[in-house]
Amino acid sequence: HGQVQTLLGAIGFAKGNDIWCPQEDRAGLDWKIAEQFPLHDRLPDRFKAVEPVLSAVDVVWMRRGAGELVALYEVEHTTSIYSGLLRFNDVHLVAPDIRPRFSIVANDARRSLFVRQLNRPTFQRSGLVELCAFMEYENVLDWHMRLKKGST
């Protein structure tokens with residue numbers, strides 16, 4: 001979990017974003033696999049209404065210096081995919097004009113569960129189904145390696 005958070009944070013930082021990870025997860029980040037990047041101390045004020053929800057999202061990318069949400073990632077190794085989708089949905093409903101990328105990150109064996117959960121009526125009606133993607137661990141590692149080699 002911590003390794004995937006570290007890689008996602010490193011990718012986001014390399015792409016020009018400020019990075020948020022929950023305070024309780026920060027000690028578990030693995031600085032042996034990625035160059036250390038600064039972690040943002042606060043979430044954007046615009047999201048005070050869902051701050052308890054947003055602050056629990058595993059990795060948040062914010063446009064550097066602007067406080068604008070760019071991407072949200074939930075790493076769901078053993079935890080409930082549904083709870084990650086609910087967090088995303090809460091953020092989406094509070095600010096539907098903001099269109100960050102929402103991604104559930106897990107092993108491929110959990111992809112079918114992701115599809116079933118995302119197709120529930122609540123996520124269909126809110127529109128989250130159109131905004132959320134599934135990403136495998138291997139894709140995160142490949143993305144990080146490509147960035148280290150200088151290509152996006």
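For segment 13-64, which positions are aliphatic (A, V, I, L, M), in contact (Cβ under 8 Å) with a residue 12 or more places away in the chain, assigned to a helix (DSSP H, G or I) and open to solvent by 30 Å² or more (accessible area, probe 1.4 Å)? Matches in segment 13-64: Ala14, Ala49, Val53. Would you mind stating whether Phe88 is among the aromatic types (Phe, Trp, Tyr), crowded, with 18+ Cβ neighbours inside 10 Å and part of a helix (DSSP H, G or I)? For Phe88, the condition - among the aromatic types (Phe, Trp, Tyr), crowded, with 18+ Cβ neighbours inside 10 Å and part of a helix (DSSP H, G or I) - is met. Look at segment 112-135: where a residue is touching a residue at least 24 places away in the same chain (Cβ under 8 Å) and a partner is open to solvent by 40 Å² or more (accessible area, probe 1.4 Å) and not small (Gly, Ala, Ser), sitting 6+ places away or on another chain with Cβ atoms under 8 Å, you get Gln117/Tyr82; Ser126/Leu93; Gly127/Pro96; Leu131/Arg99; Leu131/Arg101; Ala133/Arg101; Phe134/Arg111; Phe134/Val115.
On the stretch given as segment 71-102, residues that are over 13 Å from Cys132 (Cβ atoms), aliphatic (A, V, I, L, M) and either out of contact with any strand residue (DSSP E or B) (no Cβ under 6 Å at 6 or more places or on another chain) or free of Cβ contacts under 8 Å to residues at least 24 places away in the same chain (or both) total 3. Scanning segment 50-70 for residues that are closer than 19 Å to Leu131 by Cβ and either of a type in the set (A, V, I, L, M, F, W, C) or in contact with a helix residue (DSSP H, G or I) (Cβ under 8 Å, 6 or more places away or on another chain) (or both) returns Val50, Val53, Leu54, Ala56, Val57, Asp58, Val59, Val60, Trp61, Met62, Leu69, Val70.
When segment 65-85 is filtered for residues that are hydrophobic (A, V, I, L, M, F, W, C), more than 10 Å from the chain's Cα centre (by Cα) and open to solvent by less than 30 Å² (accessible area, probe 1.4 Å), the ones remaining, listed by number, are Leu69, Ile81, Leu85. For the condition in contact with a Pro (Cβ under 8 Å, 6 or more places away or on another chain) and of a type in the set (Phe, Trp, Tyr), Trp61 qualifies.
The values are calculated or read from the model by the stated rules, or taken from the named source; none is laboratory data. No experiment lies behind these values; they were computed from the predicted model shown. Using ideal geometry, Cβ is built from the backbone for each residue, glycine included, and neighbour counts are taken over all protein chains shown. When the accessible area is computed, the model is the full protein with side chains, heavy atoms only, and any ligands, DNA or RNA have been set aside. Shrake-Rupley method; radii C 1.70, N 1.55, O 1.52, S 1.80 Å.
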